[in-house]
1. Within region C:85-95, is even one residue in a helix (DSSP H, G or I) and under 25 Å from C:W193 (Cβ atoms)?
2. In the list B:L211, B:L207, which residue meets the criterion of being more than 14 Å from chain D (Cβ to nearest Cβ), open to solvent by 20 Å² or more (accessible area, probe 1.4 Å) and within 13 Å of the chain's Cα centre (by Cα)?
3. Kindly evaluate A:S180 against the criterion of being within 10 Å of chain B (Cβ to nearest Cβ), of a type in the set (G, A, S), out of contact with any Ser or Thr (no Cβ under 7 Å at 6 or more places or on another chain) and surrounded by fewer than 24 Cβ atoms within 10 Å (Cβ to Cβ).
4. Please count how many residues of region D:62-74 are open to solvent by less than 50 Å² (accessible area, probe 1.4 Å) and either within 13 Å of another protein chain (Cβ to nearest Cβ) or without any contact (Cβ under 8 Å) to a residue 24 or more places away in the chain (or both).
5. Do we have any residue at all in region D:34-44 that's over 26 Å from D:S233 (Cβ atoms) and in contact (Cβ under 8 Å) with a residue 24 or more places away in the chain?
6. For region D:402-431, enumerate the residues that are modelled with pLDDT of 80 or more, within 16 Å of ligand 2 (Cβ to nearest atom) and away from every other protein chain (no Cβ under 14 Å).
7. Take the residues in region D:76-100 that are surrounded by fewer than 17 Cβ atoms within 10 Å (Cβ to Cβ) and more than 9 Å from chain B (Cβ to nearest Cβ), then tell me which one is modelled with the highest pLDDT.
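The values are calculated or read from the model by the stated rules, or taken from the named source; none is laboratory data. Quantities reported herein were computed from a predicted structural model and do not represent experimental measurements. Every residue, glycine among them, receives a Cβ derived from its backbone with ideal geometry; neighbour counts consider all protein chains shown. Surface accessibility is based on the protein's heavy atoms, side chains included, excluding ligands, DNA and RNA. Shrake-Rupley method; radii C 1.70, N 1.55, O 1.52, S 1.80 Å.
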Amino acid sequence: GCAAKPAESTAPESSAETTPDASKAPAGKDPKDMKIILICDKIGTNPFLTQMQTGLQNMKTKYGMSTSIVECADASVWEDNIRAAVQEQNDLIIVAGGQGADPVNAVASEFPDDATYVLVDVETDSPNVKSITFKEQEGAYLIGMIAGLVNKTDKFGAIHANEGQSSYKWRWGYMEGVKSVRPNAEFMFNYTNSYTDAAKAKEFALQQAAAGCGFINAASAVADFGTFEAALEKGFYTSGQDEDRTSPDNKYIITTQIKDTAVVIEKIVTEFVEGKLTMEPETYGVKENVIGALYITKDGKNPIQSEVLTDEIVAKVKEAADKIAKGEIVLEVPMEGK
Amino acid sequence: MNIDFEYIAVVINSTIRMMTPVLYAALGSAICSKVWVFNIALEGQMLTGAFMAIVINYYTGSVLLSVLGAALSGMLVALIVGILQVKFRASDMVVGTSINLLMLGATTFLLYVIFGVKGVFTDPRLKGLPKIELPIIKDIPFIGTMFARLTFLDYFAIIMAVLLYIYLFKTVSGFRLQAVGINKQAVNSLGINADRTQICAVVFSGLLCGLGGVLLTLGQVTLYTENVTAGRGFFAMAAANLGGSHPIGVVISSFFFGFAEAIGNALQGTAIKSQLTMALPYIVTIIALVFSSNKFRKRARVLK
Amino acid sequence: MLKNNKHADTAKLWLKSSINELGQPLFAIAAGMLIGAIIILAMGESIFEIYGAMFQGGFGTSFYFLATLTRAIPIILCGLGAAFAWRAGYINIGGEGQLIFGGFVTAVSALYLPFRGVIGAVIAIALGMLAGGLYALLAAWLDDRFGVILVISTLMFNYIANYITYYFVSFPLKDNTGDGLVAKTLTIDKSMWIPRLGIVKGSTFHYGFFLAILVMVIILFIIKKTTFGYESRMGGLNKCFAEYGGVKRTKVMFITMFCSGAICAFGGSIEVLGLKHVYMHDMLRSPSYAWTGLMAALIANLNPIGTVICAIFLAGIQTGGAAIERSTNVPLEITMVIQAVITLLVSAKLLNHAIKVRKVKLTQSAEGGAQNEH
Amino acid sequence: MLLRRGLISMLLEMKGITKQYGSVLANDSINLTLEKGEILAVVGENGAGKSTLMKILYGLEQPTCGEVYLNGKQQSFRSPHDAIRAGIGMVQQHFMLFSEFTVAENIVYGNEPKKNSLFFNRSAADKLVQELSKKYLLDVDPRAKIKNCPVGLQQRVEILKILYQNADIIILDEPSAVLTPQEVSDLLKTMKKLASMGKSIIIITHKLHEVMDASDRVMVMRSGKFVKETKTSETSIEELSFLMVGRRIIDKEVPEQPTTGNVLTVTDLRLTDKQGKKCLDGLSMHVDAGEIVGIAGVSGNGQSELIECITGLNKADAGEITLLEKDIVKSSVSKIRDLGCACIPEDRYKYGCAKDANMTETALMAHQYKPRFSKHGILKNNIIRNYVTELLQRYDVKYSGLFQKAGELSGGNIQKLIVAREIEQNTPLLIAAEPTRGVDIGAMEFIHGKLLEKRANGGAILLVSSELSEIMELCDRIYTIFDGKINGEFTKAEATEEKLGLLMMGGKQDA
Ligand SMILES: Nc1ncnc2c1ncn2[C@@H]1O[C@H](COP(=O)(O)OP(=O)(O)OP(=O)(O)O)[C@@H](O)[C@H]1O
Ligand SMILES: Nc1ncnc2c1ncn2[C@@H]1O[C@H](COP(=O)(O)OP(=O)(O)OP(=O)(O)O)[C@@H](O)[C@H]1O
Ligand SMILES: [Mg+2]
Ligand SMILES: [Mg+2]
């Protein structure tokens, strides 16, 4: 029975009628009646997403709206889930992650008035989708500086998930940061081609350490746990991603490249509730205090544990962070290999 | 260009560690093909072992119990595989694929049920396998690094291969086991229960896969990530196939693949992109199979 | 009189075998759901809530049902592709690689060849199918020429296809507009998209589904009505018999594997032109289309119609799983568990065992003799 | 009186053995006795239940009812293991050997000499086997791999295996079916010697002269029932064959007819197999239209290879094969079939059918491209179905429906289906390899009739059979084959069993 049955097909259509233009005029609506949905990758322990989860939870507590989070198990369910979110009459649909970009654009152009769409982490041209992106290169630059200042050798390692332009801003920012203090630096990059293969990341880290890298930048999501374990064994310094990854058990994780997505979610929801959300694309960086480095732009949950991260170094990097915020240091990511 | 021997030794050391889990599974695959059972559920058996090791480790804090538990759970899954394939004569492909899917689902599901997390589980309470420092060898410059920080399970993989070789070719029981693979009907006609031998072999492959699984979660690293086996069970099948299902052949083919992967990794950062270097071990497998074709022709098995 | 009897008997036998073929999966599905229910209960959740959400999200309304059908398209095609090869005795488990190559080549052809519109789409699909077909053919050739067994080679080919296309969409053919965060190609020109039906607002259901059904009909026709179908089936049942009867084994093998690969590839092509309109890394692998398709084919005993039905059912479980994820606390992996239990039970033919223990004993002694063949 | 004797020295006694397979009563209250040092022959037509009875004795099957007594004690054999322990060994119709293992390994399997109660002591095994082979004068090389041993030697290994197990009762199920005449006479000698050493032997065979030669006593079975038991010295081949079939077998009158033109010519055909053995070594022969040409020989002398080469399944290394004046040495199977050659294969389950294919599918093979049944690759299913129904009826095949699987038919019926299919190819040449192997006497007469009918219609038939009687009855001309060569040629009138037998064993014609 795939032929159109009028009785059935009226259901979603009528739902569209009951909320005419609701999304564009949320101001009149009680926040408690609002439905907000976050559609993202599988959350797991991915801090980029767990922070968003926290942010959304905070907003729910604050305003009492109904919120839901949908994790997409595979590439094909993104569009289904976004469409279902429209069907299920959500007012604000937040899509986080590259795989959601095309689907949300498609759905937004089909149902421009049924919901407000926000796309986090990817740029988009779609007029109906607000895009939020980050200048991760600024954080990476600060991490690079720290690395350059604490590392005794001229060799710097990094373990990333994927090779290619998509992750170049992390690598470029890191290299620029290192080079700003250590012009003769040499770099070693390895790629796990997986966000979860901690074993592989660890082996790469051990190899890089053996090759003389005194600092290894970990940027392969869950697999970073492998790099951290290697740091503990081999005594090189390393940094985490997104949220405070320092731990009293591992003093070699000296800092973290901050990407505070909780703040972003809270900002979006607040603006939405207050009717102030515009469709202008926004980019967050050090200036907005979303991107940064732990102990430089943000305090850690643990005090600085490593003696190598001296006050002097912190002060120096803080100075650079100020310059970035003020626009004195401009970091525009070029195409890789150019 | 000056060659950094220490670095090379570390790479070899990494390769050994990355390969031993595959070697366990490949030995499991080999013993199954010795009794003419095609076991595709290695992946699922391994995943179960890896998961159970973490669970038991978390609750008991005992490495020994973790290893035992992992081996046992691998055997349990293998028992299901064996019974379905041997007793019920179910299609090996269906059983294997379903068990793999089942264990992937079940471990992910249980990870959430038991620990309330998704994706990854790590905890300071987890105790990894103790690393073994070999008394004299550890002080030899190159060799020492090559064999640094291996766990007893890493060494045991090689020992297991040798034991398996002795078992198959020197003991009476191994002799009878091989006979099942050659002519099951003849074994039955002598009143020896060939079904039981086959199931036992599959269960033993479960034990091996369980040990391989332990290495993935308590050996190289001490944490559990979802689908931590990431296709190693399938890769083991290819390795066993190339090694002619001979324990020593399997050791050689497993390390051959290990080095293919190591070379792939070494090529990262050169003009060849990592997406391509990742394909290298698989391409090498095919090429190796082609080159050993004559030998395999006879063994080539057309599945029903 | 005798003749009449014969016909009645034939009909009875046919009915019996169909009941057997259908009863088997139905029983397994029931048992799979039962085990799922036990797990849900053990978690302290409500069976009705979970299964309710699952069926609602998989088949409940026309919108969700169409979402299921849309998801089923590549699963159907991978299932049909697998069934086509398996029936002839060729264990092609490389559906994933063939699917990936099909989707990738179609996307690239649609983007970089000068053709647009329907012609462009047809050419892109044809090239995609050619790529998938040739990829499968390569495995067949390696088997024929070097004895590299298909199970291993097609399995390895899955990984190789995945990484090679990953390279292409990460570098030479990458979409570099915008910030270029995602490894994917540019978007394909609208003129080449497979149109949507638009019977239910917001549904992505497109005409590709009917193309998949068309493939099923063609395969049915080939199997039932053509000499090729007959020869490949005989080859699958007994190689020596077919060869002795003049069937050209190598030719049948090559054609079968090519077609099987092309059918899987067609799934990729349709997914690209009908739904995604780009080729993105992992978009065909992560949903496990090929493996689900293979499962569907095996549950259905390689019967094309059954494969389609099972594919839709499994797709329903999966979209339903996403609904569970949306509305309850249970991880969607429960659907994986249920799906796996179903296929396991089907494979064990427990129903048969329960009913006909005696018959099994007979075939066991028969299979003992066949042992040396496989 | 017999019973009284049994109480004293009876070694084995089977009482009221009944075995029901579904609706088939394979054994119906069979009694069997065996004394120490005695050779008992069990004979009977196909499906009489001989094998079943022996399988029950060996623990491979459980009787529906009935008892087995050994030395007066009741036994129950759940598996061959029990039977072996009780001193019963069996050589089955199909050898149960491990081709990859050595002779010694095969013999000691199941009771291996051990070192440290764990390790397999192979050198001890070799020595044990050597001693055993000396003791029973059965010469074998313990280190040879089974796959490199000829059939006769493999049989010797089977017997040694049983002797190694210390069996007192040895069961041989059709042991001579695959042996060369020399090997057969060796086997019979061995049997007698073993009997003289105190072993008891049960032999199942269809070859009555073997019964007369070696046995002390004969038991005849028919359709699951006991028919008669007698001392061998008190009976004759004629009486036994009458008892087996239940009627006299009438010899067919085959009228002479002239041949018309050559159909098949094989010249100097050579083929070496993978092991480097010369299977065909300069073989030449021809078949004309309107005659049945027989190839007599002990199996394994190149008959199978000759058929494979003619039908295109195998390619000869050198030589010529012309079919209707066309060279077909390099042609494919389908090409040769098109040119005009059909073949009833030797192994009906390997080449003749697929067990899971239904009636229609089985009957269609090699007909599928005929314009009557298909056009442009599209099958005409209705026509095919009607044709098959009619064919099955005409050839009197007993089946339950067109959807029935070939594997569910009885051996005789599947054979009839295959014969029907191949004769209906209506080709100038028909190769019939062992066309009546394993079928019952009725089906045999029927098939012979069909072959003669084809001959009468001007067809050429190449009959390959290891049954001399079949060849002598049907053939106009007979070749003997030995070691991959034709070593003799006879007209029907010239041929005698003695002459053929001599040549089949490698003798010289007119020597
Ligand atoms: N596994 C079985 N299932 C069903 N029926 C069987 C089975 N085995 C044997 N039979 C039946 O039992 C009968 C006796 O078979 P058996 O094999 O003992 O005959 P036989 O005397 O050894 O014949 P042959 O001379 O062909 O070896 C057969 O006709 C058959 O109908
Ligand atoms: N799998 C089966 N299902 C049903 N019946 C069977 C099966 N196998 C054997 N039989 C029955 O057992 C009987 C004997 O089978 P068998 O193959 O021994 O026949 P046969 O005439 O003795 O031929 P052969 O000498 O080649 O073995 C047949 O009549 C058949 O009906
Ligand atoms: Mg028989
Ligand atoms: Mg018999």
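1. Step one: list which residues in region C:85-95 are in a helix (DSSP H, G or I), which gives C:85-87, C:95.
Okay, now just the ones that are also under 25 Å from C:W193 (Cβ atoms), so C:95.
Yes.
2. Details: B:L211 fails: open to solvent by 20 Å² or more (accessible area, probe 1.4 Å).
The match here is B:L207.
3. Numbers: within 10 Å of chain B (Cβ to nearest Cβ): no; of a type in the set (G, A, S): yes; out of contact with any Ser or Thr (no Cβ under 7 Å at 6 or more places or on another chain): yes; surrounded by fewer than 24 Cβ atoms within 10 Å (Cβ to Cβ): yes.
No: the conditions fail for A:S180.
4. Restricting attention to region D:62-74, the residues satisfying the condition of being open to solvent by less than 50 Å² (accessible area, probe 1.4 Å) are D:63, D:66, D:68-70.
Keeping just the survivors that are either within 13 Å of another protein chain (Cβ to nearest Cβ) or without any contact (Cβ under 8 Å) to a residue 24 or more places away in the chain (or both) gives none.
So the answer is 0.
5. The initial filter retains those residues of region D:34-44 that are over 26 Å from D:S233 (Cβ atoms), namely none.
Within region D:34-44, not a single residue is over 26 Å from D:S233 (Cβ atoms) and in contact (Cβ under 8 Å) with a residue 24 or more places away in the chain.
6. D:N413, D:Q415, D:K416, D:V419 - these are the residues of region D:402-431 that are modelled with pLDDT of 80 or more, within 16 Å of ligand 2 (Cβ to nearest atom) and away from every other protein chain (no Cβ under 14 Å).
7. Initial filter on region D:76-100 (surrounded by fewer than 17 Cβ atoms within 10 Å (Cβ to Cβ)): D:76, D:78, D:81-82, D:85, D:93-94, D:99-100.
Subset that is more than 9 Å from chain B (Cβ to nearest Cβ): D:76, D:93.
On the way: D:S76: 89, D:Q93: 72.
Checked region D:76-100; the qualifying residue modelled with the highest pLDDT is D:S76.
Yes/no matrix, rows are residues, columns are (1) at pLDDT 90 or above; (2) farther than 17 Å from D:E422 by Cα:
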| position | (1), (2) |
| --- | --- |
| D:G442 | no, yes |
| D:V464 | yes, no |
| D:M472 | no, yes |
| D:Y479 | yes, yes |
| D:D483 | no, yes |
| D:N487 | no, yes |
| D:K492 | no, yes |
